[in-house]
Amino acid sequence: MSYKYFPHTEAEVDEMLGRIGVKSLEELYAEVPDSIRFRGEYDLPEAMSEMEVRRLFRELGKENKQLTCFAGAGVYDHYTPAVVPGIISRSEYLTSYTPYQAEISQGTLHYIFEYQSMMAELTGMDVSNASMYDGTTATAEACIMAVASGKKAGKVLVSETVDPKTVRVIKTYSKFHGIDIEMIAAVDGATDKADFERKAAQGGVAGVVVQQPNYYGVVEDYSGYADTAHANKALLIMNSVAADLAVLKTPGEWGADIAVGDGQSLGIPMSFGGPYIGYMCCREKLIRKMPGRIVGMTKDSRGQRAFVLTLQAREQHIRRQKATSNICSNESLMALFVTVYMSLMGKAGLREAAELSYAGAHYMAERLVATGRFVMAYDRPFFNEFCVRYDGDVDALQKKFIDNGFFGGIKVDGNTIMFAVTEKRTKEEIDSLIALV
Amino acid sequence: MNSKLYGNLIFELSHEGRRGYSLPKNEFGRYDIPDELRRREDAALPECDEMTVVRHYTNHSGNNFGVNNGFYPLGSCTMKYNPLINEEIAAMPEFACLHPLQPASTCRGAIKAYDGLQKALSEISGLERFTLNPFAGAHGELTGLMIIRSYHISRGDTKRTKVIVPDSAHGTNPASAAVCGLDVVEVKSTADGIVDVEDLKGLLDDTVAAMMMTNPNTLGLFEQNIPEIAGMVHECGALMYYDGANLNPMLGACRPGDMGFDVMHINLHKTFSTPHGGGGPGDGPVGVRKGLEQFLPSDNFVCDATSSDKHTVDSDIFVGAYHGNFAVILRAYAYILTLGRENIKRVGPLAVLNANYIKESLKDVYELPIDAPCMHEFVFDGLRDKSTGVTTMDVAKRLLDYGYHAPTIYFPLLFHESLMIEPAENESKETIDGFIAVMRKIAEESVACPEEVKSAPHGTPIGRVDDVLAAKHPVVTYKVLKSEKA
């Protein structure tokens, strides 16, 4: 009868049933019609002891191969300082919920305010919300936001150089929400500016989505994009890998209205796809159109500075079907994760890590080309990720990499591989991988 | 609560030139980033040494309250215990270091865990198959509605654009319908707090895509007419959507599939004990009845007896980059395996026992608008004695002084002074008795010294906050905060 997660003794159960005035636990479900009452046994294993559970997951873990990662495509193997998991595992953060009761949630409210401040700095924008699910859904929500801000315009232009995973999420949301998506052509690994200008001029465009660096790792020249978008009453939405913005020209500097993307690159483990964190920052004038939680400063009854969830009139629990989005809880603990990460790295550390990644990637690209088997796919600037064309069998090469303990890039098409390098990759690792070619 | 150390922002502890990190030396030689690609100046992030950062976030955690601190009866949120073994498993490098695009042959263990949870949820829900990809409950609702629309469209039934939602529903239900491009129609509740079947009859026609419900509903009442409702909805060609927010009391008692639901989501962070994390990450798996599998979003894993890694691409619905919040999926799977079939079925009855015990112990002093047996939660409409002027807000704030998290307040919207109480199955009788005693004490204080209650909390690091000021003049970044100070 007794079990580690249930404190009730039989005597207590009886006493409690007595106060309620029923004879059995079964009787508590008197309202459930007999025809749908579940009285069988779940077809699940019997309870396991903690040691058995641990053993089972260790066995499962052995079926995963630990690879040295040279792949990116939106998820990067960055370094996580030891402090970060130490802080986020503190149960006062971990086991709390949305800070509805500000008086006993200032820990959460402070870090969200710090997170918003840091993300606004990183993206060069005015404001940030408290987080989104991931980079793909944040971008899709930005499209909805653009259409909601754009009065009658119902179309969003999306560059072909945006990550295909992001594009398919945008298309999914748009299909159901009733937004027309039109793709902007790519030429030689970059957005076709002439095609963009032509499509923007057609009218009815509420937003334009570009990615920087783009899916292929190219750092594009988006000069003039914001002006063209604004001249056509459209918002410029720029998707970026958060960590890259420590050194690259920011969405704010490019003139973007909404900056979105994934924050995984700020030290979050890859964890087979999640949890990560989507970020969304924008110009101040758009703040009331933003989805998600926002924390603001205020005062308490004793005159102290305090923080609180604010501008809630945008949200589903107040506005129901008229809300800016249905999003409520999403990735708060991951906001703490990246906030602690950025606090430790600071302005210099974030820059230094980005410069190391840049140097490693450029070293690797040079060495790959030097083997004579690879050529750069695009003659364009890149950051820490790049595409190369291989003159042999890509599948066989990638298998060889795996057999030797490397996740050797993402195959983009027939003979193109995309490699990513972070500050975690050593010269020795790069040289060992290249020696396999 | 650590009121002495209340206050600073990390930016205010920053000193130029300090650092809290160490990185390896550049061994690649000089590869300089061209100026034209660079931002004009560094992001103004804090500069702190490592211990300053650790102390800052450690001290701030003392200004927070979690399930591990004490009783957290937040209605509709199922604040249950978050076992630590699940944290250990989620952090195992064998899972944490996997890139989501690794070939299936190099991540079989992860795929098996995904599939294992998917199958366990199907069994517990009485549905055919689950995707674990949606990131949260609201995201699951949106995904589920996309599935329902896709089903209708596939049959050429394109005029079904309405979703029926009870007036007691959580705000996410209508909001998810709107994001999905559907119109919301509200069905009334009866005086007994359940769906008014007569009202529903008048709303059903061939423009209805789905009926969204929780069962038990947000008042904690079991919708007894569910077989009849499901029959009527199916009769008119629409589908039944189950919002899994209130699934906990149904463990061991009733399965949504058996109630007649076709599509549902589960909040892993509620029913399956993954930590709420201050508002995520959770995960919102979506399950469907047999015959609807082809409409599930793409990018799922299903293992069968012969191959352990079928990567399924069923539809053109994509709701995220990869496979959901995988580390959350691991925690929930570990929780289910730990409980096992014999304990999972005890979760519901014990949660329901706790809720009814509190309700019966307090209904003489708090207004119980619908005096009926409840499931895992119930709603008071404030204090019975309204003459003192003490509101639900005041009661909630006074509870903080006594070391309890407040219940959910002012929801559902059916009552003016809603106070929604949900004790999870993990709470002991003495914890609950302590809560009951304090709730009674607050009722007494409301008569004896109402000002003490109206001005609560007194023992927390801060007093009541000015919500109006925050919204009227939004200061949402340190940059603005600093400029205003100057």
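The values are calculated or read from the model by the stated rules, or taken from the named source; none is laboratory data. All values derive from a computational prediction rather than experimental measurement. Methodologically, a virtual Cβ is constructed for each residue, glycine included, from the backbone with ideal geometry; neighbour enumeration extends over all protein chains shown.
Some points to look at:
- Meets criteria (of a type in the set (K, R), more than 8 Å from every other protein chain (Cβ to nearest Cβ) and assigned to a helix (DSSP H, G or I)) for A:R367: yes
- Number of positions in region B:439-459 that are within 14 Å of B:K359 (Cα to Cα) and either free of Cβ contacts under 8 Å to residues at least 12 places away in the same chain or crowded, with 16+ Cβ neighbours inside 10 Å (or both): 1
- Listing of strands (runs of 3 or more DSSP E) fully contained in region B:268-385 that carry 1 or more residues being more than 17 Å from the chain's Cα centre (by Cα), at pLDDT below 95 and more than 10 Å from chain A (Cβ to nearest Cβ): B:300-302, B:310-312
- Region B:460-480, residues that are assigned to a helix (DSSP H, G or I) and either more than 7 Å from chain A (Cβ to nearest Cβ) or buried (at least 20 other Cβ atoms within 10 Å of the Cβ) (or both): B:V468, B:A470, B:K472, B:Y478, B:V480
- Candidate set from region B:151-179 (those that are within 9 Å of another protein chain (Cβ to nearest Cβ) and in a helix (DSSP H, G or I)); member that is nearest to the chain's Cα centre (by Cα): B:T172
- When residues in region A:106-138 are screened for being in a helix (DSSP H, G or I), touching a His at 6+ places or on another chain (Cβ under 9 Å) and under 28 Å from B:F318 (Cβ atoms), 1 of them pass.
- A:A146 being under 17 Å from A:G292 (Cβ atoms), over 18 Å from the mean Cα position of the chain (by Cα) and buried (at least 22 other Cβ atoms within 10 Å of the Cβ): yes
- Some residue of region B:120-129 being small (G, A, S), outside any loop (DSSP other than H, G, I, E, B), over 30 Å from A:Y358 (Cα atoms) and facing chain A (nearest Cβ under 8 Å): yes
- Residue within region A:377-392 that is among the aliphatic types (A, V, I, L, M) and without any contact (Cβ under 8 Å) to a residue 24 or more places away in the chain present: no
- Wholly enclosed helices (runs of 4 or more DSSP H) of region A:1-104 bearing at least 1 residues more than 30 Å from A:F272 (Cβ to Cβ): A:10-20
- Any chance A:G189 is over 23 Å from the mean Cα position of the chain (by Cα), under 21 Å from A:R314 (Cβ atoms) and not acidic (D, E): no
- Residues located in region B:84-112, provided they are in a helix (DSSP H, G or I), facing chain A (nearest Cβ under 7 Å) and touching a strand residue (DSSP E or B) at 6+ places or on another chain (Cβ under 9 Å): B:E94, B:F95, B:T106, B:R108, B:G109, B:A110, B:K112
- Residue list for region A:374-413, restricted to those being surrounded by fewer than 16 Cβ atoms within 10 Å (Cβ to Cβ), in contact with a strand residue (DSSP E or B) (Cβ under 8 Å, 6 or more places away or on another chain) and farther than 29 Å from B:L37 by Cα: A:D391, A:D395, A:G405
- Just one of the listed residues (B:F415, B:F411, B:F435) is under 23 Å from A:I20 (Cα atoms), of a type in the set (F, W, Y) and surrounded by 15 or more Cβ atoms within 10 Å (Cβ to Cβ), and it is B:F435.
- Any chance A:S357 is at pLDDT 95 or above, assigned by TED's automatic domain parsing to the domain that holds A:D163 and surrounded by 24 or more Cβ atoms within 10 Å (Cβ to Cβ): no
- Only one of the listed residues (B:L121, B:L132, B:L117) is touching a residue at least 60 places away in the same chain (Cβ under 8 Å) and over 27 Å from A:V338 (Cβ atoms). That residue is B:L121.
- Scanning region A:315-335 for residues that are in a helix (DSSP H, G or I), more than 7 Å from every other protein chain (Cβ to nearest Cβ) and of a type in the set (D, E, K, R) yields A:R319, A:K322.
- Yes/no for B:R19 being under 22 Å from A:M119 (Cβ atoms), loosely packed, with under 15 Cβ neighbours inside 10 Å and at the interface with chain A (Cβ under 7 Å from one of its Cβ atoms): no
- Check on A:S91, within 8 Å of chain B (Cβ to nearest Cβ), under 30 Å from B:R55 (Cβ atoms) and crowded, with 20+ Cβ neighbours inside 10 Å: no
- Those residues of region A:139-186 which are within 10 Å of another protein chain (Cβ to nearest Cβ), touching a helix residue (DSSP H, G or I) at 6+ places or on another chain (Cβ under 7 Å) and either at positive phi or outside any helix (DSSP H, G or I) (or both), in sequence order: A:I179
Here is a yes/no grid of residues against (1) more than 8 Å from chain B (Cβ to nearest Cβ); (2) out of contact with any Lys or Arg (no Cβ under 9 Å at 6 or more places or on another chain); (3) more than 22 Å from A:V218 (Cβ to Cβ); (4) outside any helix (DSSP H, G or I):
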{"residue": "A:L245", "(1), (2), (3), (4)": "no, no, no, no"}
{"residue": "A:E253", "(1), (2), (3), (4)": "no, no, no, no"}
{"residue": "A:G261", "(1), (2), (3), (4)": "yes, yes, no, yes"}
{"residue": "A:I268", "(1), (2), (3), (4)": "yes, yes, yes, yes"}
{"residue": "A:F272", "(1), (2), (3), (4)": "no, yes, yes, no"}
{"residue": "A:M280", "(1), (2), (3), (4)": "yes, yes, yes, yes"}
{"residue": "A:L286", "(1), (2), (3), (4)": "yes, yes, yes, no"}
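- Only one of B:L419, B:L414 that is more than 11 Å from chain A (Cβ to nearest Cβ), outside any helix (DSSP H, G or I) and modelled with pLDDT of 95 or more: B:L419
- Every pair of residues 6+ apart whose Cβ atoms lie under 9 Å, when the first sits in region B:221-234 and is farther than 10 Å from B:F261 by Cβ while the second is among the basic types (K, R) and modelled with pLDDT of 95 or more: B:M232/B:K201
- In region B:39-57, the residue that is nearest to the chain's Cα centre (by Cα) out of those that are surrounded by fewer than 17 Cβ atoms within 10 Å (Cβ to Cβ) and without any contact (Cβ under 8 Å) to a residue 24 or more places away in the chain is B:R55.
- Answer from B:M264, B:M212, B:M259 - the residue that is under 30 Å from B:T338 (Cβ atoms) and within 21 Å of the chain's Cα centre (by Cα): B:M264
- Residue in region A:203-211 that is in a loop (DSSP other than H, G, I, E, B), in contact with an Asp or Glu (Cβ under 8 Å, 6 or more places away or on another chain) and closer than 23 Å to A:I277 by Cα present: no
- Any chance B:G66 is more than 25 Å from the chain's Cα centre (by Cα), crowded, with 17+ Cβ neighbours inside 10 Å, of a type outside the set (S, T, Y) and facing chain A (nearest Cβ under 7 Å): no
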